[in-house]
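Each remark here refers to the structure printed beneath this line.
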Amino acid sequence: MKKSVCKKCRREGIKLFLKGERCLSPKCAFTRRSYAPGSAGTSRSQKPSDYCLQLREKQKAKAIYNLRERQFSNYYKKAAKPKQSSGERLMQLLETRLDNAVYKSGYTPSIISARQLIRHKKILINGKNVNIPSYQLKIGEKISPAKKEAIKLVKSDIPLWIKFNKNDLSAEIIKIPSLKEINSEINEDIIVKYYSR
């Protein structure tokens, strides 16, 4: 895993938990140096512009969900179509991605490792192998490991929209999460303003 992912946490000013368990240890780069990376990281005192705040919020969301620019802008285009709030719809689309649901269900310590687990065909949806991290989950779909012994559950707070079964280690999507149920550091309204320029 690239060391540069730690710079993303320092850049955004919060822990993004991109390295899983390491982020909880004293070795975490953000714990040791919570200022922005670069020589100017400790000396920035100028008030950021509205555009800068909007851009940083978008970059933070991209880092949390581990997405590229084109992927993220495509999600916003999808979210802008329905009649409901674009910000809320964007967050729902991001939360119900397979890689995020695998991470939130406690199968892996980070979203990056969740993506790797899916790519290696170690995750099933309704008993069928799915190796696409961006797969959009629907209500009633059940996530389960292909081999139980290959999974080492990570202690995590499983969100209310996922029903986890400890007996067979399955996680069922019981509802589309509302904004209140999405425990996130992201301000979706600022992202909407960025794309509405």
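How about the range 55-93: which of its residues are farther than 18 Å from Lys104 by Cα, of a type in the set (Gly, Ala, Ser) and assigned to a helix (DSSP H, G or I)?
Passing the criteria: Ser73, Ala79, Ser86, Gly87.
Working only within the range 135-150, note down all residues that are among the basic types (Lys, Arg) and either touching a residue at least 60 places away in the same chain (Cβ under 8 Å) or not in a loop (DSSP other than H, G, I, E, B) (or both).
Answer for the range 135-150, where residues must be among the basic types (Lys, Arg) and either touching a residue at least 60 places away in the same chain (Cβ under 8 Å) or not in a loop (DSSP other than H, G, I, E, B) (or both): Lys142, Lys148.
Specify the residue that is surrounded by the fewest Cβ atoms within 10 Å (Cβ to Cβ); the eligible residues are those in the range 87-105 that are small (Gly, Ala, Ser) and under 13 Å from Ile158 (Cα atoms). So that I can check it myself, show each step before the final result.
Just the residues of the range 87-105 that are small (Gly, Ala, Ser), to begin with: 87, 101, 105.
Remaining after also requiring under 13 Å from Ile158 (Cα atoms): 101, 105.
Details: Ala101: 23, Ser105: 25.
In this case the residue turns out to be Ala101.
Counting only residues that are exposed (fewer than 14 other Cβ atoms within 10 Å of the Cβ), in contact with a helix residue (DSSP H, G or I) (Cβ under 9 Å, 6 or more places away or on another chain) and not aliphatic (A, V, I, L, M), how many does the range 137-151 have?
0
Please determine whether any residue of the range 106-119 is more than 22 Å from Tyr65 (Cβ to Cβ) and either assigned by TED's automatic domain parsing to the domain that holds Lys62 or exposed (fewer than 14 other Cβ atoms within 10 Å of the Cβ) (or both).
From the range 106-119, those more than 22 Å from Tyr65 (Cβ to Cβ) are none; that's our starting set.
Checking the range 106-119: not a single residue is more than 22 Å from Tyr65 (Cβ to Cβ) and either assigned by TED's automatic domain parsing to the domain that holds Lys62 or exposed (fewer than 14 other Cβ atoms within 10 Å of the Cβ) (or both).
What are the pairs with Cβ atoms under 8 angstrom where one residue, in the range 104-117, is closer than 19 Å to Glu181 by Cβ and in a helix (DSSP H, G or I) and the other, located anywhere, is of a type in the set (S, T, N, Q) and at pLDDT 90 or above? Sequence gap at least six, or different chains.
Between residues of the range 104-117 that are closer than 19 Å to Glu181 by Cβ and in a helix (DSSP H, G or I) and residues that are of a type in the set (S, T, N, Q) and at pLDDT 90 or above, the close pairs are Ile111/Asn66; Ile111/Asn100.
For the range 47-86, enumerate the residues that are polar (S, T, N, Q), under 12 Å from Tyr195 (Cβ atoms) and surrounded by 18 or more Cβ atoms within 10 Å (Cβ to Cβ).
Selection gives Gln54, Ser86.
The values are calculated or read from the model by the stated rules, or taken from the named source; none is laboratory data. In this text, all values refer to a predicted model and were calculated from it rather than measured experimentally. Neighbour counts run over all protein chains shown; Cβ positions are idealised from the backbone, glycine included.
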